[in-house]
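Working notes for the structure below.
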Amino acid sequence: MPTPFQIALSMETAIKEELEVQLNNSQVPELRPLVELLIKGQISILQVLSQASNDTFAYNPIEISEKILGNDNVWKEAATIKNNTSSPSSCLVQLWILSSLLDKSSQYYRQTALNSAYQQSKLFFNSIAEVKVIQKRRIDSVLRSIYNIIWGDVGFAPFSLGRS
């Protein structure tokens, strides 16, 4: 039976691979810097999980600020989507995929933390869940920009904002 760490490593590897597919096949060049930042974060998360899975009772502190999340100014720059984006609809769909990946993975870590017998494990998995939540919020801010662009093009809100 696989351990939560093995499942997390497998899941995060699959997410990294999906991000690389998104990066290589994207029809929206404006999202390239954003996806590259997510890939860097994924590599760091994989390193942290790999270290923790080797010795589950000696978790090292996680430096989320720069290592996993990246610099705030770099994110702001990468998250800037202009009104003249090449394809708002393609951008919208790609952002939905990215947001969903981050949301579902954060849910896994929350559930794993709730079902862990050890306080250290609970804190560790909740920390990773928080990282995923922060990444999702950053993606969702770009998503709101795209909603506004599309809303402006069609003249009304074509979907319910704020509902999942």
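Any idea which of Gln42, Gln47, Gln6 is surrounded by 15 or more Cβ atoms within 10 Å (Cβ to Cβ) and at pLDDT 85 or above?
Just one listed residue meets the conditions, Gln42.
Looking at the stretch 1-43 only, could you name the residues that are touching a Leu at 6+ places or on another chain (Cβ under 9 Å) and of a type in the set (Ser, Thr, Tyr)?
Thr13
Does Asn84 qualify as being part of a loop (DSSP other than H, G, I, E, B), modelled with pLDDT under 90 and either more than 13 Å from Leu143 (Cα to Cα) or in contact with a strand residue (DSSP E or B) (Cβ under 7 Å, 6 or more places away or on another chain) (or both)?
Yes: the conditions hold for Asn84.
Please verify whether Val74 is at pLDDT below 90 and either closer than 27 Å to Val48 by Cβ or among the basic types (Lys, Arg) (or both), treating the condition exactly as stated.
yes
Across the stretch 17-39, what is the number of residues that are farther than 12 Å from Gln94 by Cβ, surrounded by 17 or more Cβ atoms within 10 Å (Cβ to Cβ) and not hydrophobic (A, V, I, L, M, F, W, C)?
Qualifying residue count, the stretch 17-39: 0.
Taking the stretch 1-20 only, how many residues are without any contact (Cβ under 8 Å) to a residue 12 or more places away in the chain and touching a Ser or Thr at 6+ places or on another chain (Cβ under 8 Å)?
Within the stretch 1-20, residues that are without any contact (Cβ under 8 Å) to a residue 12 or more places away in the chain and touching a Ser or Thr at 6+ places or on another chain (Cβ under 8 Å) number 1.
The values are calculated or read from the model by the stated rules, or taken from the named source; none is laboratory data. Here the structure is a predicted model, which is why all the values come from computation and not from measurement. Every residue, glycine among them, receives a Cβ derived from its backbone with ideal geometry; neighbour counts consider all protein chains shown.
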